[in-house]
Amino acid sequence: MEPNTTPQPSTGRTVLCIEDEHFIAELYDRALTKAGYIVTVIGDGQEALKAAEANDYDVILLDLMVPNLTGIEILRSLRNPSRVPPLRAKIIIATNLEQRDDVRADIEKQADGYLVKAELTPHELVNFVDTVQ
């Protein structure tokens, strides 16, 4: 029996995937699109920050190691308390970068989720994004 590959109806929810690794970005894009999300993938940190600042997304999947602006710099900019209007998107860190415990704790305080890409299947990613409100 073949798995059901029919796309789900659109959830209407939008995801900005900030990921410079083409293979991973494609996996996430396919899995989330199949689950009904509207996905935009950007691999450059500066371009991604501009897109995120438009405040048009429900969820931002943020890799910490992207070119031209790090994910930590993007996170700090988006979570700046003086930002008007406040960012409406939920930010989920998706990284393979090893962090010291204190650094990871600081990042987790600013984000709405923290995932280690190497420990995550695309299906598990979709399940996690489904739970973020």
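Observations on the model:
- Filtered by the rule that a residue be closer than 24 Å to R83 by Cβ, part of a helix (DSSP H, G or I) and either of a type in the set (D, E) or without any contact (Cβ under 8 Å) to a residue 24 or more places away in the chain (or both), segment 26-61 gives Q46, E47, K50, E53.
- The lone criterion from (1) farther than 23 Å from T11 by Cβ; (2) in contact with an Asp or Glu (Cβ under 9 Å, 6 or more places away or on another chain) left unmet by L64 is number (2).
- Filter pass, L87 being surrounded by 14 or more Cβ atoms within 10 Å (Cβ to Cβ), within 14 Å of C17 (Cβ to Cβ) and over 13 Å from the mean Cα position of the chain (by Cα): no
- Residue within segment 115-125 that is assigned to a strand (DSSP E or B) and either at pLDDT 90 or above or crowded, with 17+ Cβ neighbours inside 10 Å (or both) present: yes
- Scan segment 102-114 for residues that are modelled with pLDDT of 90 or more and either assigned to a helix (DSSP H, G or I) or of a type in the set (A, V, I, L, M) (or both) and the total you get is 2.
- P67 in a loop (DSSP other than H, G, I, E, B), farther than 17 Å from V129 by Cα and without any contact (Cβ under 8 Å) to a residue 24 or more places away in the chain: no
- Which listed residue, of Y37, Y28, is under 14 Å from L125 (Cβ atoms), hydroxyl-bearing (S, T, Y) and touching a Lys or Arg at 6+ places or on another chain (Cβ under 7 Å): Y37
The values are calculated or read from the model by the stated rules, or taken from the named source; none is laboratory data. None of these values were measured; they are calculated from a predicted model. Positions of Cβ are generated from backbone atoms using ideal geometry, with glycine treated the same way; all protein chains shown enter the neighbour counts.
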